[in-house]
1. Any chance you could count how many residues in segment 56-73 are closer than 20 Å to Val187 by Cα and surrounded by fewer than 22 Cβ atoms within 10 Å (Cβ to Cβ)?
2. If only one of Val352, Val251 is more than 16 Å from His185 (Cα to Cα), in the same structural domain as Glu148 (by TED's automatic domain parsing) and within 22 Å of the chain's Cα centre (by Cα), which one is it?
3. Residue under question is Ala312, and the condition is that it be over 30 Å from Glu200 (Cα atoms) and touching a residue at least 24 places away in the same chain (Cβ under 8 Å); does it hold?
4. Wholly within segment 46-129, which strands (runs of 3 or more DSSP E) include no fewer than the required count, namely at least 1 residues that are at pLDDT 95 or above and farther than 23 Å from Cys25 by Cβ?
5. Any residue in segment 262-275 that is assigned to a strand (DSSP E or B) and in contact with an Asp or Glu (Cβ under 6 Å, 6 or more places away or on another chain)?
6. Please enumerate the residues belonging to segment 236-260 that are surrounded by 15 or more Cβ atoms within 10 Å (Cβ to Cβ) and farther than 23 Å from Trp122 by Cβ.
7. Here are some conditions: (1) out of contact with any helix residue (DSSP H, G or I) (no Cβ under 9 Å at 6 or more places or on another chain); (2) in a loop (DSSP other than H, G, I, E, B). Leu220 meets all but one. Which one does it not meet?
8. Can you tell me how many residues in segment 127-141 are more than 20 Å from the chain's Cα centre (by Cα) and in contact (Cβ under 8 Å) with a residue 12 or more places away in the chain?
Amino acid sequence: MLNIGIVGCGKIADGHIEEVQKLGCAQVLAVCDLEPILAEQLALRYSVPHWYSDFDRMLSDHRLDVIHIATPPHSHLALARKSAEASCHVFLEKPLALNAADGQHLIDCLRQSDRKMTINYWYNFEAPALALREFVAKGDLGDPVHIESYYGYDLAGGFGQAFLSDDRHWVHRLPGKLFQNVIDHAVNKITPFLPDEPVEIIARAYSRRRLKEGRADGVLDELRVMLFAGGISAYLTFCSHARPTGHFMRVYGTKNTAHIDFALRTMSVEKAQTLPSAFGRLLPPFKSTWQTLRQATHNACEFAGSRFGFFAGMNQLLSQFYESILHDTPVPIPYPEILRVSQIIDEISTQVYPVALA
């Protein structure tokens, strides 16, 4: 049984505890936050036996196996270093760190301590993403040619309103501001398909709120990015104003094209048409309807079996990460992939906020 400690008791910490409690190999022993009331309330909600406002004391009081770091990225490196010194593995909320250099130091620190880490790229462990991984591994996609990754965001949501209404919110202190805090979810869909070559990046951002509403807070809320590496291109969209707030990706291959909808938890495949032109136009809608019906049936079965929770992907990721600790198997997300996401985000931030990073 792994003993788990959590530092950072904001909203996402609830999801961490709920998913840990569904696993049979781990238990949350202690939680910590600089705001004592947050730590106490989280502990009471989930019957966690110990709560702290002092991270060092939590580490000294208990023999913890894994620390979940759910704090803003400014503190990730220091907290990970302390965790490693206490012989704890680390499960980290995104983004990795304040920048890729700090991210490299963070990973090096854990490696030198012979501890493991992973980052909460939980969408990549949802059922459709795992199905895509299998589809590609079988060779059914062919060679990837182009990837589209789209992430919609609602600024009217609780977190959006919190940082927009507070000039001192920690998101404003990130080099890439809102984008840096969120676009891991778009970038990490692309990186597994890119060859191990330098990536050319062209990023453009603007504030639709300023253009349409006259806002002058300096927050950019629309982002478009083109990426090129080794004959493969990708297009990344972060959009705050289109409705509904979609979250999907398309991977164009030399054999077939795959579409993953993370909001609907579906995967569909568009295959090359081999029938005569008339039938070729008639049959594809029926095939598409059949795929949708099959996905809906699968999702209904998952729902009936209590496997359709919001953080189902996090549950799968945690299970694989804990398994890697208990049985000394590879971590679920390779470290070079985590670092590459951070490096790409650094370059995007440099291009869209050049004054802030000068």
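The values are calculated or read from the model by the stated rules, or taken from the named source; none is laboratory data. Just so it is clear, the structure is predicted and the values come from calculations on it, not from any experiment. Quick reminder, even Gly has a Cβ in these numbers, built from the backbone with ideal geometry, and neighbours come from all protein chains shown.
1. 1
2. From the options Val352, Val251, the qualifying one is Val352.
3. yes
4. By residue number, 50-52.
5. Checked segment 262-275: no residue is assigned to a strand (DSSP E or B) and in contact with an Asp or Glu (Cβ under 6 Å, 6 or more places away or on another chain).
6. Passing the criteria: Tyr252, Gly253, Asn256, Thr257.
7. So Leu220 meets the others, but not (1).
8. Total meeting the criteria: 5.
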